[in-house]
Each structure stands twice: as structure tokens, then as C-alpha cells.
Amino acid sequence: MEGFKFEEQEFFACCGSSKFAKEMSKASPFSSLDEAVTAARDIWFNKVDVTGWLQAFSAHPQIGHNPSPSSHSTSAQWSKGEQSTAFATATSSSLQELSQWNTKYREKFGFVFLICASGKSTDGILAELKRRYPNRPIVEFEIAAEEQMKITELRLGKLFSTKEKVPSTGNMNPTVAAKKVEDRVSIIGGHLSASSEISAVKTQTPTQTRPPITTHVLDVSRGSPGAGIEVCLEMWKGHQPRPVFGESAIGGWVFQGSSTTNSDGRSGQLLSIVDAVNPGIYRISFNTGKYCPGGFFPYVSIVFEIRESQKLEHFHVPLLLSPFSFSTYRGS
């Protein structure tokens with residue numbers, strides 16, 4: 001079956017990371033947009049390093065600024081279109097305030113404020129910028145990476161809408177095939193720009209591309225990823241509905257999966273890739289004593305709860321480690 005074939009430069013327009021574009025080109029052709037999106041998420045989150053993320057961030061114009069008039073690249077034109085709602089709802093004062101906050105954001109975090117702007121007003125973007133500004137840099141870095149992925153998915157949809165896949169049989173009219181791609185683009189765009197379109201997205205085949213629980217380790221004493229750290233994930237299955245502080249928990253924790261962090265400090269697969277995770281109480285443990293024998297912690301365990309209403313969400317539980325302290329947070 002012939003699929004959709006694109007050049008490396010076309011993928012670079014979707015995401016300004018040369019590593020991402022090269023890996024996507026190697027994985028091409030794709031039989032469908034869904035297949036391309038699945039590959040894109042895997043490449044972006046598991047193969048592109050920190051440098052590649054920053055390269056992609058820097059390819060975006062500052063939010064609220066149009067690309068230069070001389071810029072006719074596909075990426076520049078897409079950026080202009082994605083910010084069309086923001087410009088349509090902007091006033092001179094709101095654009096000035098947005099510019100000022102953009103400057104503050106860049107001075108704090110070192111990269112442009114990144115948000116999938118499709119369908120968002122200037123006031124909405126400004127409110128989100130102010131909400132995210134107090135974040136710690138490592139938290140904001142991951143949020144920016146998630147926003148970049150949303151933009152990439154939207155642009156992949158646009159890219160697919162420009163080409164027709166030759167079907168394996170002569171039964172399908174090329175116009176019908178193109179229409180199916182356009183419908184998929186519309187669904188992705190609605191998902192990113194308005195919560196009212198959630199019902200439309202739910203009718204599509206789920207495309208989860210990573211386990212529901214993930215982690216990474218950052219060695220803050222060295223300013224680098226914590227590589228080679230053993231990680232274990234368990235779930236509470238004891239006689240009591242939940243572990244109780246101060247009482248023995250022997251036999252209550254059931255092994256779910258284990259892995260070792262890679263060179264980027266990211267864990268491998270701790271759970272199967274599923275559309276919905278089982279609600280309950282989980283414990284993720286790190287063999288910090290082996291990683292840092294002279295440190296204070298022989299191991300670190302983090303206990304957290306996933307509620308019934310959260311079973312479709314993703315849970316990223318990172319560890320920020322030094323020899324004598326650690327912290328964590330719920331990432332995305």
C-alpha cells in the first residue's frame with residue numbers, strides 16, 4: 001500500500017527541530033495522519049533531546065508578533081494563521097501588555113512563551129502567560145514541550161491535507177480520500193482550540209502514544225539528567241482500600257513495572273500504553289542509593305493517587321534530586 005510521503009523540510013516546517021524532521025523523514029511514508037501523529041509524539045518525547053526542543057522553540061515568532069513581511073516560509077505562514085484569532089481580538093494596549101509579558105517570560109526562562117494559539121484570543125493568551133509565569137523553569141520547560149507537540153499535530157494535519165494518498169485498490173475516489181484527511185484536520189484543530197469540540201474528538205480512534213505514568217530524574221546538583229537510575233512502579237492492592245499513615249503496608253503493594261532512566265533521565269515503559277489507567281494509589285520508587293552512594297537517601301519513594309475522574313489523563317511524576325534533598329511535582 002502506498003502511503004503519504006513527505007520531505008524532511010516539510011516536517012521541519014511542522015516542528016523546527018532538525019532531529020525531529022530527520023527522524024520523521026526516516027519513518028515516512030505514513031499510511032495515515034494518525035500513524036504520523038503517533039510517530040511524531042514518540043520522536044518528540046523520546047528521541048529529541050533538550051537541544052532539539054530549544055531549537056524548535058526558537059523557530060516560533062514571539063506570540064503576538066507577525067512573522068516579518070519578507071518571510072514566506074510555510075512555517076511562518078502557518079504561525080500567522082494560528083495567531084489569526086489573537087490578532088482579530090487584539091487592541092493596541094493588549095498587544096503592548098502581551099509584548100511586555102513576553103519579554104519578562106523570556107528573561108526568566110530563556111525561550112519564547114509557547115502556546116498553541118489556534119482559536120485563542122489575545123486576552124486568553126495573556127491570561128495563560130501570566131498563569132504560567134510563576135512556574136519553576138523545569139515545569140515550564142515541559143509545558144512548552146507539550147504545547148509544541150500540539151502545534152506539531154495541528155501542522156501535520158495541514159500538511160496531510162495538501163497531499164492525497166494513492167489507495168491500494170481503485171475503489172476509493174481520490175477526492176474522498178482527501179476529504180477524509182480534511183475532516184481529520186478539522187477534528188484536531190477543534191480539539192486544540194475549543195473545549196466544545198471534545199465530543200467530536202471522542203468519536204475518533206484513541207491515539208495514546210506513551211504509558212499513562214511516566215517519570216524523569218534531574219540531578220540538580222550537577223545540572224544534568226539523572227541517567228542509569230533504577231525505577232519501580234507499584235500499585236496499592238492491600239486489604240484496606242488505601243494505605244494508612246503509621247500502619248504496616250506489608251503485602252499491600254503490587255509490582256506494575258520497572259525501568260532504568262536513559263541518558264536524558266527519562267524512564268522507559270513502566271506500564272502498558274492504554275487509553276485509561278486503573279484508578280488507585282501508586283508508588284514510584286527510585287534507587288538513589290546506587291546512583292549516589294554518598295548521598296542521604298538509600299532510595300526515594302513517591303506515593304500519589306489517581307482518581308476515577310482522572311483515569312484518561314497522563315501523569316508525569318519527576319524527581320529533582322541532589323545528594324541531600326529531593327522534590328517532585330505532577331507534570332504533564
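A few comments on the model shown:
- Sole residue being charged (D, E, K, R) and free of Cβ contacts under 8 Å to residues at least 60 places away in the same chain, chosen from R266, R307: R307
- Residue in region 235-244 that is of a type in the set (A, V, I, L, M, F, W, C), assigned to a loop (DSSP other than H, G, I, E, B), within 19 Å of I306 (Cα to Cα) and at pLDDT below 85 present: yes
- Where S259 falls short, out of the listed (1) in contact (Cβ under 8 Å) with a residue 40 or more places away in the chain; (2) within 22 Å of the chain's Cα centre (by Cα); (3) over 20 Å from I138 (Cα atoms); (4) not in a loop (DSSP other than H, G, I, E, B): (1)
- Residue match in region 55-76 (condition: touching an Asp or Glu at 6+ places or on another chain (Cβ under 7 Å) and either outside any helix (DSSP H, G or I) or modelled with pLDDT under 90 (or both)): no
- Answer residue from region 273-300, given it is of a type in the set (G, A, S) and out of contact with any Pro (no Cβ under 7 Å at 6 or more places or on another chain) and is farthest from T328 (Cα to Cα) among those: A276
- Scanning region 14-36 for residues that are aliphatic (A, V, I, L, M) and either outside any helix (DSSP H, G or I) or buried (at least 22 other Cβ atoms within 10 Å of the Cβ) (or both) yields A21, M24, L33, A36.
- Of the residues making up region 201-223, not a single one is at pLDDT 70 or above, buried (at least 19 other Cβ atoms within 10 Å of the Cβ) and in a helix (DSSP H, G or I).
- Within region 306-331, tally of residues that are in a loop (DSSP other than H, G, I, E, B) and open to solvent by less than 50 Å² (accessible area, probe 1.4 Å): 5
- Residues that are touching a residue at least 24 places away in the same chain (Cβ under 8 Å), of a type outside the set (S, T, N, Q) and more than 25 Å from C14 (Cβ to Cβ), drawn from region 99-135: W101, K104, K108, D123, L126, K130, Y133
- Residues that are farther than 17 Å from H60 by Cα and open to solvent by 40 Å² or more (accessible area, probe 1.4 Å) within region 136-154 comprise R136, P137, listed in sequence order.
- Looking only at residues of region 245-280 that are open to solvent by 20 Å² or more (accessible area, probe 1.4 Å) and aliphatic (A, V, I, L, M), we find that the one that is nearest to E234 (Cα to Cα) is V254.
- Residue within region 262-277 that is touching a Phe, Trp or Tyr at 6+ places or on another chain (Cβ under 8 Å) and not in a strand (DSSP E or B) present: yes
The values are calculated or read from the model by the stated rules, or taken from the named source; none is laboratory data. Everything numeric here is computed off the predicted structure, so don't read it as measured data. Counting neighbours? That spans all protein chains shown, and the Cβs are built from the backbone with ideal geometry, glycine included. Surface accessibility is based on the protein's heavy atoms, side chains included, excluding ligands, DNA and RNA. Shrake-Rupley method; radii C 1.70, N 1.55, O 1.52, S 1.80 Å.
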